[in-house]
Amino acid sequence: MKGFWVKKILGCIVFGALAIIALGFAVMSLWNHILVVVLGVKAITYCQALGIFVLGKLLFGGFGGFGKRGCCGDNSCKIGGMKEKWQNMTPEERENFKNDWRNRCKTWRSGGE
């Protein structure tokens, strides 16, 4: 059983390394074959391509993980999920929810004090 997990972890590491290498070459190739010709920008190196890829992911896509769920952690943030949750709350639960978020926002506005 232990050997299975070792192989699985090593496989993930190898696959991750190969994916990073492939993505870097893909970004570099696309940049150098399209943008250089169309926009007249300079060609980039592999390391610069990796930097552009990481910057793009940080700015526009984030680095989601496997099994990523909605912002609430339980898939309740899907369309209509929060509305349905709200409708199923008792008036007391709704008031507790509102007060909890008021306290959170108060803490956030005051700088975490």
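The values are calculated or read from the model by the stated rules, or taken from the named source; none is laboratory data. Computed from a prediction, not measured in an experiment: that's the story for all the values here. Using ideal geometry, Cβ is built from the backbone for each residue, glycine included, and neighbour counts are taken over all protein chains shown.
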Task: Filter pass, Lys106 being of a type in the set (D, E, K, R), modelled with pLDDT of 55 or more and closer than 30 Å to Gly16 by Cβ - done: no
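If we only count helices (runs of 4 or more DSSP H) wholly inside segment 1-103, which ones have 1 or more residues that are modelled with pLDDT of 90 or more? Before you say what the answer is, go through the steps one by one.
Numbers: elements: 2-30, 36-39, 46-56, 81-87.
Ranges flagged: 2-30, 36-39, 46-56.
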